[in-house]
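In what follows, a single structure is set out as structure tokens and then discussed.
The values are calculated or read from the model by the stated rules, or taken from the named source; none is laboratory data. No experiment lies behind these values; they were computed from the predicted model shown. So basically every Cβ, Gly included, is an ideal-geometry build from the backbone, and we count neighbours across all protein chains shown. Ligands, DNA and RNA are stripped out before the accessible areas are found, and what is left, the full protein with its side chains, is counted by its heavy atoms. Shrake-Rupley method; radii C 1.70, N 1.55, O 1.52, S 1.80 Å.
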Amino acid sequence: MLGQIWHRAGFRPLGKFWCPTIIAALGMIAILCTSSAEAEDKLDSEHLFGFTEGSDIGSKGERELKSETTLRTGKAAGSFTAGTSEAELKYTLSNNLRISAGATLAYFDINGVPGLGDANRAAIQSASFSARFRLLDRDKAPVGMTFSVEPHWGFVDETKGIRIGHFGTEAAILMDRELIPGRLLAALNIQFENDRVRSVEPGALQHESILGTGLALTAQMRSGLWFGGEVRYLRSYEGAALNVFSGQAVYFGPTAFVALPNNYWLSAALNFQVWGRAAGSADSLDLTNFERYQAKLRVGFSF
């Protein structure tokens, strides 16, 4: 009966990753129930909001190791699942500057999706370097504001899973504000992504870009335990500078964060595409440029 209700509501299993995803969620709930009360009360807003991020960058001299797993699944036809796992090391040089470096592994399970070749493989996807500049300190200004820039070098197409050479940059303005000090926070992100793609096989050079914004709200339920929600709007373009519009999508979903003992933390987010439209299409979702579901799980600790 539950499966029939789930199906009629329009939801689909999260590809081959649905079982580990549910297990991870249950494990997270168990951790929340048993460990959050022991966590420190220090507030760091960066990962409180899910895909949307806060403006905090850590204290001077702080180092952080983070593991971030992202799952994207669901196309108009066929079976599509793409998962990435990134390991990133961060170091805060000063109270207003942080640098980091990371590497990403990817897995693709694609079968029968129009316009995409079938694939079932794992590969090293990309390497990246990032810098974050805090422009406004939330404790001293009406809002916190940080500028983030992240160049990356890729070896595998993020959607097709085929070998390519590409270079891109992600830039974002991250803003947040405490609506109720220590209890209720809001965040606003504005992002721009640009990719220059060349196939390893002979082929034309392609440019792609994305413009997006995210708005999130999260509340502290108990010490170190936060629940909230976020909405994101993404626009996809052909060309390096938003030249030709190709599609748009709106995502919505819940978020959770827990601060654990010994400077560990865990966060999770699940987003559903609730509206979208590809250029030239009358469909109510854009499953050409984007996916039906996106999920993110982060685990990290500072030292």
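Within the stretch 135-244, which strands (runs of 3 or more DSSP E) (wholly inside it) include 3 or more residues that are more than 25 Å from residue 273 (Cα to Cα)?
Those strands (runs of 3 or more DSSP E) span 144-156, 163-180, 184-199, 206-222.
Given 141, 123, which one is touching a residue at least 12 places away in the same chain (Cβ under 8 Å) and aliphatic (A, V, I, L, M)?
Of 141, 123, the one residue that is touching a residue at least 12 places away in the same chain (Cβ under 8 Å) and aliphatic (A, V, I, L, M) is 123.
Just to be sure before I move on: is residue 241 surrounded by fewer than 20 Cβ atoms within 10 Å (Cβ to Cβ), modelled with pLDDT under 95 and closer than 24 Å to residue 173 by Cα in the structure I sent?
Criteria met by residue 241.
Scanning the stretch 60-75 for residues that are assigned to a loop (DSSP other than H, G, I, E, B) and in contact with a strand residue (DSSP E or B) (Cβ under 6 Å, 6 or more places away or on another chain), which turns out surrounded by the most Cβ atoms within 10 Å (Cβ to Cβ)?
Checked the stretch 60-75; the qualifying residue surrounded by the most Cβ atoms within 10 Å (Cβ to Cβ) is 74.
Between a first residue in the stretch 62-83 that is farther than 19 Å from residue 157 by Cα and of a type in the set (Asp, Glu) and a second residue that is part of a strand (DSSP E or B) and open to solvent by 20 Å² or more (accessible area, probe 1.4 Å), which pairs have beta carbons less than 6 Å apart while being 6 or more apart in sequence or on different chains?
62/302; 64/302
Checking residue 173 against (1) surrounded by fewer than 17 Cβ atoms within 10 Å (Cβ to Cβ); (2) farther than 17 Å from residue 138 by Cβ; (3) out of contact with any Gly (no Cβ under 9 Å at 6 or more places or on another chain): exactly one of these is not met. Which one?
Exception for residue 173: condition (2).
Within the stretch 50-58, is there a residue that is of a type in the set (Phe, Trp, Tyr) and within 21 Å of residue 132 (Cβ to Cβ)?
Looking through the stretch 50-58, at least one residue is of a type in the set (Phe, Trp, Tyr) and within 21 Å of residue 132 (Cβ to Cβ).
Hey, among 284, 246, which residue is free of Cβ contacts under 8 Å to residues at least 12 places away in the same chain and touching a Phe, Trp or Tyr at 6+ places or on another chain (Cβ under 7 Å)?
284
Return a yes/no flag: does the stretch 156-171 have any residue that is in contact (Cβ under 8 Å) with a residue 12 or more places away in the chain, farther than 30 Å from residue 111 by Cβ and not polar (S, T, N, Q).
Within the stretch 156-171 (the criterion being in contact (Cβ under 8 Å) with a residue 12 or more places away in the chain, farther than 30 Å from residue 111 by Cβ and not polar (S, T, N, Q)), the answer is yes, since at least one residue qualifies.
Taking the options 51, 80, name whichever one is assigned to a loop (DSSP other than H, G, I, E, B), of a type outside the set (A, V, I, L, M), at pLDDT 95 or above and surrounded by 13 or more Cβ atoms within 10 Å (Cβ to Cβ).
Going through 51, 80 in turn, the sole match is 51.
Can you go through 46, 40 and tell me which one is modelled with pLDDT under 55 and not in a strand (DSSP E or B)?
None of the others qualify; the one that does is 40.
Is it the case that some residue within the stretch 96-118 is in contact with a Lys or Arg (Cβ under 6 Å, 6 or more places away or on another chain), at pLDDT 95 or above and surrounded by fewer than 16 Cβ atoms within 10 Å (Cβ to Cβ)?
yes
Does residue 211 fit the bill of being surrounded by 20 or more Cβ atoms within 10 Å (Cβ to Cβ), among the aliphatic types (A, V, I, L, M) and on the phi < 0 side of the Ramachandran plot?
No.
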